[in-house]
Amino acid sequence: MNSRKIKTLCCTIAAITLTACGNTAGESSSSATAPAETSAPEAVEAVTPETSETASAADTSDISPEPAVTPSDASSAADSSKSDADKKSERKKLAKEITLEYPDSAEVFSSIKMSEFLRTNAEIKNPDEAVATSIVGNVEHTIKLLYKGEEFEVKLNYAVRDTTAPVCLNPGDGYTVAAGTQFDLDDVIGYGDNYDKHPTATYTGTVDTSTEGIYPITVTVSDSSGNTTSWDVDIGVGYSASSPTFDDPGASLPFSDFAALYGGSGRHLGIDVSTWQGDIDFNAVKNAGCEFVIMRMGYSADGMIHPDDWYDENMRKARSAGLKVGVYFYSQDNDEETVRGIARWINNSLGGAKLDFPVAFDWEDFYHFQTYGMSIHDLNELFETFSDELSGMGYDTMLYSSRNFLENFWENRRGHKVWIANYAETNSYEGSYMMWQRCGYGTIDGISGNVDLNVLYD
């Protein structure tokens, strides 16, 4: 929540209809009021509170009534002698007693319960209701209050602001632009914003692609709310273009050494595979000490699903060898309907088969994230959509990502299981996770070439 000035407002009454919601603590049954029928609402002059700063007209909260609640026979009999004017007068008095205190602004996409946002002497009917923070700008949020047996509708007026700066996802280190070509900043950096789907990147400095050399520039990314992030990077110009490699430079790690280093009580060792591993002898893999395998089902690009060429055979052979099995899907999508379709495809492909692990969602093209036309919030929502869809089909999900993006990009608001990629001798990630992908350069009997090695925790 943004800790800006707090507005303290007495209630502005737009219209009043008498309702009865039962007795509150400390009231006798004779004090409950509920009419057999109600008259037309009566406009009442706003009451301005005595505060150090009076709210503007745009910030004034209105209280208007709900339709009458059908009273009990006892309360109807007690109120039958009261005139409509008396009933409306009583509601006016009650409305003037209600106090409201809440911030004049909230951060966009912040998760705040109404009970945390609003201080009032009335009872909030739905205290766990989320404060509306999904759109930047002025917001009018209507809630319901209960006060001394009456129900009132209240309009809270506040601003939703975006004060979060864009994020550098790929600074551009290690890139070389081919001499004689056009330099495009978006080709070599990656960035995103929590709210703005299309932040803009500019730079100061010169990149002369007609001459070989190293050119230092300062990059600035700006979002629609005026927040900025800047960093320095050296752009190389050479005879041919090149991009940095993200593979591990270290020597291969044999599975036997991996087991000696990371095995033990409460830990299980496994691998993850895809078409890149080709034909796998899973019996040899099992005999080497591997306990489980996570395999790629497929990937998507431009809204099209591509099954992994070896998935069906990998699943059949891994089960036959007695290995525990799980699956992941590599996505490059940016819209909810496509992600829902992927979840349905996964469900149909599994055909009700049980898995030993949650289905992993793998989205990792952060190095050119701006080309997807999404905000950071949007991609987090895509993961939740994927999870919701598969959950409805009986499959749990987990999030696969590197330590950097788990710490700086993913929100994981609902606490899904995490499969973390952190290529280091020890995993210093402080968040919760169920599985650690230790490296991508492991070796094991039954597989030609390198394979990812993983530690699963009880």
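Structure notes:
- When the stretch 189-221 is filtered for residues that are among the small types (Gly, Ala, Ser), in contact (Cβ under 8 Å) with a residue 24 or more places away in the chain and surrounded by fewer than 19 Cβ atoms within 10 Å (Cβ to Cβ), the ones remaining, listed by number, are Ala201, Ser210, Gly213.
- Taken together, Tyr429, Tyr423 contain a single residue that is over 22 Å from Trp345 (Cα atoms), of a type in the set (Phe, Trp, Tyr) and in contact (Cβ under 8 Å) with a residue 40 or more places away in the chain, which is Tyr423.
- Scanning the stretch 116-145 for residues that are of a type in the set (S, T, N, Q), under 22 Å from the mean Cα position of the chain (by Cα) and either surrounded by 14 or more Cβ atoms within 10 Å (Cβ to Cβ) or outside the structural domain of Ala95 (by TED's automatic domain parsing) (or both) yields a single hit, Thr133.
- Only a single item in (1) modelled with pLDDT of 95 or more; (2) buried (at least 16 other Cβ atoms within 10 Å of the Cβ) is not met by Leu94, and it is number (1).
- Sole residue being at pLDDT 95 or above, more than 26 Å from Cys290 (Cβ to Cβ) and either of a type in the set (Val, Ile, Thr) or not assigned by TED's automatic domain parsing to the domain that holds Val293 (or both), chosen from Thr397, Thr443, Thr385: Thr385
Residue-wise test of (1) in contact (Cβ under 8 Å) with a residue 24 or more places away in the chain; (2) crowded, with 18+ Cβ neighbours inside 10 Å; (3) aliphatic (A, V, I, L, M); (4) closer than 16 Å to Met398 by Cα.
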position: Val273; (1), (2), (3), (4): yes, yes, yes, no
position: Gly278; (1), (2), (3), (4): yes, no, no, no
position: Val285; (1), (2), (3), (4): yes, yes, yes, no
position: Trp310; (1), (2), (3), (4): yes, yes, no, no
position: Gln332; (1), (2), (3), (4): yes, no, no, no
position: Ile342; (1), (2), (3), (4): yes, yes, yes, yes
position: Asn348; (1), (2), (3), (4): no, no, no, no
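- Restricting Ser387, Ser349, Ser448 to those that are polar (S, T, N, Q), over 25 Å from the mean Cα position of the chain (by Cα) and part of a helix (DSSP H, G or I) reduces the list to Ser349.
Let's see how each residue does on (1) over 30 Å from Ala165 (Cα atoms); (2) over 28 Å from the mean Cα position of the chain (by Cα):
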{"residue": "Ser224", "(1), (2)": "no, no"}
{"residue": "Ala241", "(1), (2)": "yes, yes"}
{"residue": "Asp257", "(1), (2)": "yes, yes"}
{"residue": "Leu269", "(1), (2)": "yes, yes"}
{"residue": "Asp281", "(1), (2)": "yes, yes"}
{"residue": "Met297", "(1), (2)": "yes, no"}
{"residue": "His306", "(1), (2)": "yes, no"}
{"residue": "Asp312", "(1), (2)": "yes, yes"}
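- Some residue of the stretch 329-346 being in contact with a Leu (Cβ under 9 Å, 6 or more places away or on another chain) and within 24 Å of Leu185 (Cβ to Cβ): yes
- Selection status of Asp335, at pLDDT 95 or above, of a type in the set (Asp, Glu), in the same structural domain as Asn408 (by TED's automatic domain parsing) and at negative phi: no
- Checked against (1) hydroxyl-bearing (Ser, Thr, Tyr); (2) at pLDDT 95 or above; (3) closer than 30 Å to Ser320 by Cα, Ser252 meets all criteria but (2).
Matching residues to (1) modelled with pLDDT under 95; (2) assigned by TED's automatic domain parsing to the domain that holds Asp445:
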| residue | (1), (2) |
| --- | --- |
| Ile217 | no, no |
| Thr220 | no, no |
| Asp223 | no, no |
| Thr229 | no, no |
| Pro244 | yes, no |
| Asp247 | yes, no |
| Asp257 | no, yes |
| Leu261 | no, yes |
| His268 | no, yes |
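- Residues (of a type in the set (S, T, N, Q) and assigned to a helix (DSSP H, G or I)) located in the stretch 93-139: Ser115
- Meets criteria (more than 16 Å from Ile271 (Cα to Cα), in the same structural domain as Val325 (by TED's automatic domain parsing) and not in a loop (DSSP other than H, G, I, E, B)) for Glu407: yes
- Residues in the stretch 436-445 that are assigned to a strand (DSSP E or B) and more than 13 Å from Ser402 (Cβ to Cβ): Tyr441, Gly442, Thr443.
- All of Asn408, Asn348 fail the test of being modelled with pLDDT of 95 or more and out of contact with any Lys or Arg (no Cβ under 9 Å at 6 or more places or on another chain), apart from Asn348.
The values are calculated or read from the model by the stated rules, or taken from the named source; none is laboratory data. Just so we're clear, the structure is a prediction, and the values are computed from it rather than from any experiment. With ideal geometry, Cβ positions are generated from the backbone for all residues, glycine too; neighbour counts draw on all protein chains shown.
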